[in-house]
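**Student:** My questions all concern the structure below.
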Amino acid sequence: MIRILALLGALVLTACTGAGDLDRDVPYMGNFQLGHNIVVAPNLTRGPASRAATQEEWIAAMTEAIDARLGRHEGTKLYHLGVSVEGYVLAVPGVPLVASPKSVLILNVTAWDDAAGRKLNEKPHMVTVMEAITGNTLLGSGLTQGKQVQMANLSRNAARLIEAWLNRQNDEFGWFEDDGRPAREKIGLISGRPAPTPAAAAPELAPEEAPGTVPEGAVPETPARARHSMQGAF
């Protein structure tokens with residue numbers, strides 16, 4: 001708990017990008033389909049200078065955000081997510097440009113392969129998310145937003161970062177690939193284009209047909225003779 005409080009205190013002046021991109025193309029994540037979306041908050045820690053929020057409120061907000069983002073993937077295999085909300089700061093009104101804290105959320109994520117019945121990451125992956133810098137939050141969301149709006153924004157940003165992490169794991173380790181190969185090794189796969197089929201092997205040439213050889217008794221063709229013979233083809 002002390003570690004979480006220290007981290008929250010160090011992060012209240014930072015921010016990250018927004019998460020209003022659910023209408024864009026869904027990033028490639030192989031055969032991923034969201035199974036169980038389990039959010040808990042047994043160790044929930046409220047950071048300094050923060051509005052209060054209950055475990056139930058955070059569980060509801062994070063569950064909705066993860067369903068909305070990761071439920072877009074329509075793969076062929078089920079993967080479960082276990083998310084533990086660890087700590088938060090919901091900014092309170094402060095003095096503009098002097099003491100205007102930013103909202104923060106910290107959580108741990110574990111992914112499970114349903115078919116294999118095992119964790120994909122033995123050590124939980126920590127996600128730290130800050131409110132987006134917008135016209136409404138430039139001076140601190142505590143001045144312009146209520147608690148529910150702050151929680152919704154942080155939860156959506158957290159879900160976006162979870163998706164980005166899962167995407168990276170698939171690119172690097174093939175978490176959601178049927179053959180287990182890293183997605184980045186498959187040409188054109190991440191861009192959505194099918195990988196080109198290997199080129200057919202070139203026919204083996206007889207020694208007298210190999211490039212650079214001249215059959216016995218033949219007159220070598222000079223560049224001038226070659227240009228002359230090609231002119232008749234056009």
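**Student:** Around Leu90, with a cut-off of 13 angstrom between Cβ atoms, what is the net charge of the other residues, counting Lys and Arg +1 and Asp and Glu -1?
**Tutor:** +2
**Student:** Hey, could you get me the Stokes-Einstein D for region 145-189, Kirkwood radius over alpha-carbon pairs, 4 °C and 1.567 mPa s, rounded to whole µm² s⁻¹?
**Tutor:** The diffusion coefficient I find is 107 µm²/s.
**Student:** What is the packing order of peptides 41-49, 109-117, taking the mean over residues of other C-beta atoms within 10 Å and listing the highest first?
**Tutor:** Going by the mean number of other Cβ atoms within 10 Å, highest first, we get 41-49, 109-117.
**Student:** Below 16 Å, Cα to Cα, which lysines can Lys186 reach? Residues fewer than 8 away in the same chain don't count.
**Tutor:** Counting by Cα, and skipping residues close in sequence, Lys186 has no lysines nearby.
**Student:** Show me, for region 35-43, the HN-Hα J-couplings you get by feeding each phi into the Karplus relation (A = 6.51, B = -1.76, C = 1.60, θ = phi - 60°), rounded to Hz, glycine and proline as x.
**Tutor:** Each residue of region 35-43 in turn: x, 6, 10, 9, 10, 10, 8, x, 10 Hz.
**Student:** Ok, one more. Summing Lys, Arg as +1 and Asp, Glu as -1, what charge do residues with Cβ under 12 Å from the Cβ of Asp23 carry, Asp23 excluded?
**Tutor:** Neighbour charge sum, excluding Asp23 itself: +1.
**Student:** Give me the lysines in straight-line cross-link reach of Lys102: C-alpha distance below 30 Å, same-chain residues under 8 apart excluded.
**Tutor:** Correct list for Lys102: Lys123, Lys147.
**Student:** Next question. How much length is gained if the chain between Asn43 and Asp114 is pulled fully straight, taking 0.36 nm per residue apart and subtracting their Cα-Cα distance, in nm to one decimal?
**Tutor:** Here the segment from Asn43 to Asp114 would lengthen by 23.0 nm.
Bear in mind these aren't lab numbers, they're just calculated from the coordinates by the rules spelled out. Quick caveat: nothing in here was measured; it's all calculated off a predicted structure. We place every Cβ from the backbone using ideal geometry, glycine too, and count neighbours over all the protein chains shown.
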